[in-house]
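The values are calculated or read from the model by the stated rules, or taken from the named source; none is laboratory data. None of the values given here were measured: they were computed from a predicted structure. Note that we place each Cβ from the backbone using ideal geometry, even for glycine, and neighbour counts take in every protein chain shown.
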Amino acid sequence: MRKMIRRKASGTALTVKTLREMKAGEEGVVEKVTAEGGLRRRIFDMGLTPGAAVTLKKAAPFGDPLECCVRGYSLLIRKSEAEHIQIVNQEKTK
């Protein structure tokens, strides 16, 4: 997914990327879930709904699965599922 940056007047930029593209320690908010059908329902059932705060804790040694914190609990999610979850995070601009 291409990263989009929306500038804000307050000196911060909003970056949109997938959960798969996040690095360990990054925080963000779920903006959109692009999956369809059963996978979409499963992602929503795990608590990854638009507006939910997400922190990526770490990735397994070979990169799959990813461990994130959402709604106060740890969640392991496959990279193939994580690429359907768009996250917005704030970055300070210079």
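Scan the range 78-94 residue by residue and report those that are without any contact (Cβ under 8 Å) to a residue 60 or more places away in the chain and assigned to a helix (DSSP H, G or I).
Lys79, Ser80, Glu81 - these are the residues of the range 78-94 that are without any contact (Cβ under 8 Å) to a residue 60 or more places away in the chain and assigned to a helix (DSSP H, G or I).
Matching residues to (1) touching a His at 6+ places or on another chain (Cβ under 9 Å); (2) at positive phi; (3) of a type outside the set (D, E, K, R); (4) at pLDDT below 90:
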| position | (1), (2), (3), (4) |
| --- | --- |
| Val29 | no, no, yes, no |
| Gly47 | no, yes, yes, no |
| Gly51 | no, yes, yes, no |
| Leu56 | no, no, yes, no |
| Cys68 | no, no, yes, no |
| Gly72 | no, yes, yes, no |
| Lys94 | no, no, no, yes |
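What number goes with the only condition from (1) surrounded by fewer than 13 Cβ atoms within 10 Å (Cβ to Cβ); (2) assigned to a strand (DSSP E or B); (3) at pLDDT 90 or above that Arg6 does not pass?
(3)
Of the numbered conditions (1) surrounded by 14 or more Cβ atoms within 10 Å (Cβ to Cβ); (2) at pLDDT 90 or above; (3) under 13 Å from the mean Cα position of the chain (by Cα), Thr15 satisfies every one except a single condition; which is it?
(2)
Which of the residues belonging to the range 46-94 are hydroxyl-bearing (Ser, Thr, Tyr) and farther than 13 Å from Arg20 by Cβ?
Across the range 46-94, the qualifying residues are Thr49, Thr55, Tyr73, Ser74, Thr93.
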